[in-house]
1. Using θ = phi - 60° and the Karplus form 6.51 cos²θ - 1.76 cosθ + 1.60, what ³J(HN,Hα) does each residue of the range 161-171 get, whole Hz, x for Gly and Pro?
2. Kindly rank 147-153, 164-170, 302-308, 230-236 from highest to lowest mean number of other beta carbons found within 10 Å of each residue.
3. What does the convex hull of the Cα atoms of the range 199-296 come to per residue, in Å³, rounded to a whole number?
4. Taking H placed 1.01 Å from N in the peptide plane, check which residues at least 5 places from LEU55 or on another chain put their amide H under 5 Å from its amide H.
5. In the structure displayed, which of LYS277/LYS333; LYS165/LYS372; LYS192/LYS372; LYS176/LYS219 lie more than 27 Å apart, Cα to Cα?
6. Once amide H atoms are built 1.01 Å from N in the peptide plane, which residues 5 or more positions from LYS323, or in another chain, come under 5 Å H to H?
7. What are the principal axis extents of the Cα atoms in the range 269-354, in Å, biggest first?
8. If I model a spin label as a point 7 Å beyond the Cα along the Cα-Cβ vector, how far apart are those points for GLU45 and ALA380 in nm?
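The values are calculated or read from the model by the stated rules, or taken from the named source; none is laboratory data. If you're wondering where the values come from, they're calculated on a predicted model, not measured in any experiment. Methodologically, a virtual Cβ is constructed for each residue, glycine included, from the backbone with ideal geometry; neighbour enumeration extends over all protein chains shown. Calculation scope for accessible area: heavy atoms of the full protein, side chains included, ligands and nucleic acids excluded. Shrake-Rupley method; radii C 1.70, N 1.55, O 1.52, S 1.80 Å.
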Amino acid sequence: MRFVLVGVFVWAQTLLLRAAEVEKPAEAKPSDPAAAAPYAEPGDESDQYQVETLLSGLDNPCAVVVRPEARDGQPYEIYVSESGAGQVLRVTSDKPSESTPIITGFPVDSYGDAKKAESEYRIGPLGLAFITPKKLAVGGAGLEQGEDLVTVYSLPEDGSALEYKQQDHAVGPIPKGKKTTTGEGNFYGLAKSDDALFVTSNGDDDEAWVLKADLKANKLRDLQPFIATKRLVGTTGPTGAVVNPKQNANYLVISQMSDFETDRDSLITFYSPRSGKVALNQQTGLYDIAGLAYSPTDNLYAVDVVRADAKLGGVYRLDSAEKDGKQTCRAVKIAGAERPTALAFGPDGAMYVTAIGPRQAPGTPSTGVLLKITPKTDAAKF
């Protein structure tokens, strides 16, 4: 059974609906992640899917989104944040091996420390999300801690490129203050609901914030700390973010990457997008979930970057399962990928995945790729 959480976790939906009645942000209360049922052992269906490399030689690609409202049967546009190069690329489904810089000149910094066995990367633009078919939000990472912004661009009708400073508007920054001792930045995961944009952030590890900006009249306003995930689920590293597309179950789903270790300790947590309260917390059996996306049939997928051993990285479907009589999660492998960072689905059902490739320290050749994954048979539909 696929992990759609509608009609399966009825009790969780009831909790969410009750939480949605409360407008105030979530209260920070300690929670033990062990309260989530143990994960079911992962499965492997990768022999049912084919993987095609569309672009290669990318400099630390970190996000991929598909422009909404493409006409049926017509080519559609795919956008990739080439973080290390400080730009956003556009690709079209009819010419997927060609890319065009569409926003350039983003500030770029470095992240990680090779001396601590952490891969070091150049990072600039990170998360991507369309707030309208013509307006693209970009999570920033190239400035000092507490200075990063979420910038929004009105894409020109003629497809011409924009410079970083040609912003429609921006929200942030989140400097040091009462809610964050370090300031917030490295805005990795972006997820849009009807009236808000949610942003995962790197900053105060005692809080591990998910941020929220209101969306009114196609404009973002007032980016603020919203959910202190560390206090609620007991671990740090919020990364992927997605909103369940079903109207009666618009959960905000957040992945937690957790510590830099080899443990399969990555979590997914379902929150009320209005109150921030936890509806469901699940262990996954994955190491370091970096991105989440729902397929056209409302199944939930994740990419596991596996920081300790990149060769173990892959793309997974998250199915509902049962272990020891308790409802839990089973990760089913769809494809292998070396350091995958994000995924998105086209209107034709194709899956697109960005991956960094082998360790890419500053000054070394770029090894990032954009992959296209499709089922080999109709029986293996997403």
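1. With the stated coefficients, the range 161-171 comes to 7, 10, 8, 3, 6, 7, 8, 5, 6, 8, 10 Hz.
2. With the highest mean Cβ count within 10 Å placed first, the list reads 302-308, 147-153, 230-236, 164-170.
3. That works out to 110 Å³ per residue.
4. LEU370
5. Pairs exceeding 27 Å: LYS277/LYS333; LYS165/LYS372.
6. The answer is THR328.
7. Principal-axis extents of the range 269-354 (Cα, largest first): 32, 31, 23 Å.
8. 1.0 nm
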